[in-house]
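For reference, the structure discussed in these notes is given below.
The values are calculated or read from the model by the stated rules, or taken from the named source; none is laboratory data. Note that this is a predicted model, so its numbers are computed, not measured. Cβ sites come from the backbone with ideal geometry, for glycine too, and all protein chains shown count toward neighbours.
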């Protein structure tokens, strides 16, 4: 166990400290891809890189001035640059947006328009009609820039995060809504540096040598949102995957096991998931089980194991196995993450994430505060051994 926890600590340090933030298309993302690939190969696995084209985005300085006073603002991830001085309109409902004339103006969005992040316009997995209408209206009315007032009072949580959306956009914390409401009819000055550049990314796929068809898949995404070192989300999950590769080297399990370090879960267009679907979806009916590790090992509380599309007998066996792993527990289904690409094909799935992670999304997770001290190496060691025990069953969902 000590050997495993030392390995876990080294992997976490490499991913979340030495490499740090890992947005798709960036140099650090490619460094993480190389590290994961080399670690898989050290474990004796055959490794494949499934490449895709993507966009690297580099933000620069941003300045927002209202009535001669600077207002703290942040880039909307993947935005285009801007240098504009124009009157603004404050819009808080879809009805107001439908009626607005925005040519030559800055659109300031708040209220119900920014009560939640808008899905990227070309996102293919889940995209509510309400979100699509807001995006369509903004593109049709063509303001010179967009300022979104976050649903979070204290943090500028992004509302628009879309590399296919070309109107420059920034976000401010919700507490500034009152200032914009009291300043209607005045002029805003926005200057923002940002650059979009063509790049490449890849999923890293590893298999036991000589294996034929795949019995099971274990996956974890290794990318991050811009600006976060992503220790819990998801260096922790990747580290669990790397530990599993070592356990499989020491004692291979019967049948085919595929390990996937997925690239793009926190990227606007999910390119890694799309690439994997395009290549392999015709084989999904052969899969016995998919396990996704996303945010396991949080020091607070336990790590949850959520069965979906699994037979009751298998879920009972999982629950029984968990008695040997006190850091883990059976949890309710979790309908987010990379495992959901398999849901339409009714593939049995285990989603593994920390039960207490959800209250800290957008306050710790996805921010600069997602650091090594959040993750407990001993908990991740149990995650890796638990997954190995599950894979050891020849017919996990038979």
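Within the stretch 157-176, the set of residues being within 24 Å of residue 364 (Cβ to Cβ) and surrounded by fewer than 21 Cβ atoms within 10 Å (Cβ to Cβ) comprises 173, 174, 175.
Of all residues in the stretch 40-51, exactly one satisfies the criterion of being under 23 Å from residue 271 (Cα atoms) and buried (at least 19 other Cβ atoms within 10 Å of the Cβ), namely 40. Kindly provide the set of residues from the stretch 300-339 that are surrounded by 14 or more Cβ atoms within 10 Å (Cβ to Cβ), in contact with a helix residue (DSSP H, G or I) (Cβ under 9 Å, 6 or more places away or on another chain) and either in a helix (DSSP H, G or I) or free of Cβ contacts under 8 Å to residues at least 12 places away in the same chain (or both), ordered by number. The answer is 317, 318, 321, 322, 338.
Condition check ((1) closer than 15 Å to residue 236 by Cα; (2) out of contact with any strand residue (DSSP E or B) (no Cβ under 6 Å at 6 or more places or on another chain); (3) outside any helix (DSSP H, G or I)) across all residues:
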residue: 347; (1), (2), (3): no, no, yes
residue: 351; (1), (2), (3): yes, no, yes
residue: 359; (1), (2), (3): no, yes, no
residue: 363; (1), (2), (3): no, yes, yes
residue: 367; (1), (2), (3): no, yes, yes
residue: 370; (1), (2), (3): yes, yes, yes
residue: 380; (1), (2), (3): yes, yes, no
residue: 384; (1), (2), (3): yes, yes, no
residue: 388; (1), (2), (3): no, yes, no
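Here are some conditions: (1) part of a loop (DSSP other than H, G, I, E, B); (2) free of Cβ contacts under 8 Å to residues at least 60 places away in the same chain; (3) within 22 Å of the chain's Cα centre (by Cα). Residue 266 meets all but one. Which one does it not meet? Result: residue 266 fails condition (2) only.
In the condition set (1) surrounded by 14 or more Cβ atoms within 10 Å (Cβ to Cβ); (2) assigned by TED's automatic domain parsing to the domain that holds residue 17; (3) on the phi < 0 side of the Ramachandran plot; (4) modelled with pLDDT under 95, residue 369 is compliant with all but (4). Here is the figure for the stretch 194-216: residues that are surrounded by 17 or more Cβ atoms within 10 Å (Cβ to Cβ) and either closer than 19 Å to residue 11 by Cα or at pLDDT below 95 (or both) total 9.
Kindly provide the set of residues from the stretch 272-299 that are over 17 Å from the mean Cα position of the chain (by Cα), modelled with pLDDT of 95 or more and part of a loop (DSSP other than H, G, I, E, B), ordered by number. 299 - this is the single residue of the stretch 272-299 that is over 17 Å from the mean Cα position of the chain (by Cα), modelled with pLDDT of 95 or more and part of a loop (DSSP other than H, G, I, E, B).
Within the stretch 1-29, residues that are assigned by TED's automatic domain parsing to the domain that holds residue 244 and on the phi > 0 side of the Ramachandran plot sit with their Cβ atoms under 9 Å from residues that are crowded, with 24+ Cβ neighbours inside 10 Å and not in a helix (DSSP H, G or I), at 6+ positions apart or across chains, in these pairs: 20/224; 20/230; 25/54; 25/201; 25/267. Screening the stretch 1-119 for strands (runs of 3 or more DSSP E) wholly inside it with 3 or more residues that are farther than 20 Å from residue 161 by Cβ returns the ranges 46-66, 82-91.
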